[in-house]
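Let me begin by presenting the structure, written as structure tokens, before commenting on it.
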Amino acid sequence: MSTQVVRPAGAGHETLYVLLLCLLILTVAGSVVAWRHESQEVTSVATHQLDARRDLTAAEQGIYADLRVTLDEIQLLREESSTLPQPAQLAEEGFAPFASDASSVSRGNHAWQLLGQQAYLGVSPNPEVAGSFLMRIADQPDIWLNRQHAVSPPVDLSDAALNQSGWQQVIAQFDAGVTRQHRH
Amino acid sequence: MTAAERLSVKVCGPGVEFDQVSLTLGRTPILDHVSFSIRPGSVHALVGPNGGGKSSLIKTLLGQMPHQGRLCLNWPGEPGLIGYVPQALEFDRGLPMTVDDFMAAMCQRRPAFMGLSRKVAPAIGEALERVGMQDKRKRRMGALSGGERQRVLLAQGLIPAPQLLVLDEPMSALDEAGARVFERLLTDWSQAGVTVVWIEHDLAAVKRLAERVTGLNRQVLFDGPPEQTLSPERLLTLFSTHPKAHGSAL
């Protein structure tokens, strides 16, 4: 003897099953998200540094990018002649930002000079458009920026000395912010 | 069937218990506190006017309606099979579906276009034989008369053999020969101890064939053996526009 109770159709248990299914899907999706989660590394920019992507004006970004490209050429030329090429020589070859053309004028018309055999200095007469640049040629070449007016060529090219005289190191970071824009 | 015969029958069908079953669709009350019971293994007829809620009651029994109240099937053993024969079958008359195709579609898991499965073919043959449709197996369903189609529907209700059979006006389209077939089937089911719930308009047939009859017009108006319940006054009440409950013989 068995009693079978006829349950009313559409009286809530279907709704319950659908809700339970929704809950299950959300739980699975949520746990997958939690499981595959990667914490985002937030690299902070030190006070004496500038972020190449966010902290530079358009003209500065252009010059910075050109400097990094031309750095390869400079190193090739140095291997050939074992001395750093003069800015005038680079300008003749047409390498930006040393060459004088419409874009270099619009980017602040920097006056480039070679500091010893250590660095290139581009003094900007117009720091509102783009600050002055300093590219150190060492084992680890790097680029510095100074937005002050009337920059005098630094004597001491050490980090601390450059900091003292108002230079900031431009660094390029490669992190998730390359594809995802975060407001700082 | 006499009382002695009835005692000898081994009942395999369930008893059905309607306890204060109500049904409202939209804002229309269809059933209003319907309470009656169907004895196991009996042929129980439901009579009443159109729109009285007979078909809805059957759909409620099949678990397809959002009813209130308690409705239970008391099976003698494990819950068995429920067979259902609908009132009519709606389909396009031009549909190239033969009787065999229809039976295959209803009775087997294999797709009907792949032919009858060997497992159910004998059962289908026997069922069609019982309703007298054996020689029309290759006919299109659309080419059958209403009565013949009703017989096919009855045959479909025989496979697999149910323990509770729910029939929605099976005789409405049957011709005289078909009615005889149906009466024979009803006797067979009764002897096999199958519970039959049967909606019928033909009160003479109900009186002749049913063991118990319930008059239904939104609520139960009477419930009892047909000889006692089918009196002219009761039937007047039953088929009147405003149903009154005081005609019931519970």
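Read-outs throughout are calculated quantities, based only on the coordinates presented, and are distinct from any laboratory measurement. Because the structure is predicted, anything quoted here is derived from the model rather than measured. All Cβ positions, even for glycine, are placed from backbone atoms using ideal geometry, and neighbour counts span all protein chains on display.
Things to note:
- With a 10 Å cut-off around each Cβ of B:68-74, the average count of Cβ atoms from other chains is 3.
- Under 21 Å from residue B:207, Cα to Cα: lysines that are on another chain or at least 8 residues apart: B:54
- Angle between chain A longest axis and helix A:58-81 axis [Cα atoms, degrees, rounded to 10]: 60
- Residue A:158 paired with residue B:92, simple spin-label distance in nm, labels 7 Å along Cα-to-beta-carbon: 9.4
- Estimated FRET transfer efficiency (residue A:46, residue A:118; beta-carbon r; R0 35 Å; 0.05): 0.95
- Cα centroid separation, segment A:139-153 to segment B:24-63 (Å): 94
- Degrees, to the nearest 10: B:121-130 long Cα axis against longest axis of chain B: 60
- Eligible lysines near residue B:119 by straight Cα distance, threshold 22 Å, same-chain separation 8 or greater: B:136, B:138
- Residues of segment A:120-149 with amide N under 19 Å of the 7 Å Cα→Cβ point at residue A:80: none
- The angle separating the long axis of helix B:176-192 from the principal Cα axis of greatest extent in chain B is about 80 degrees.
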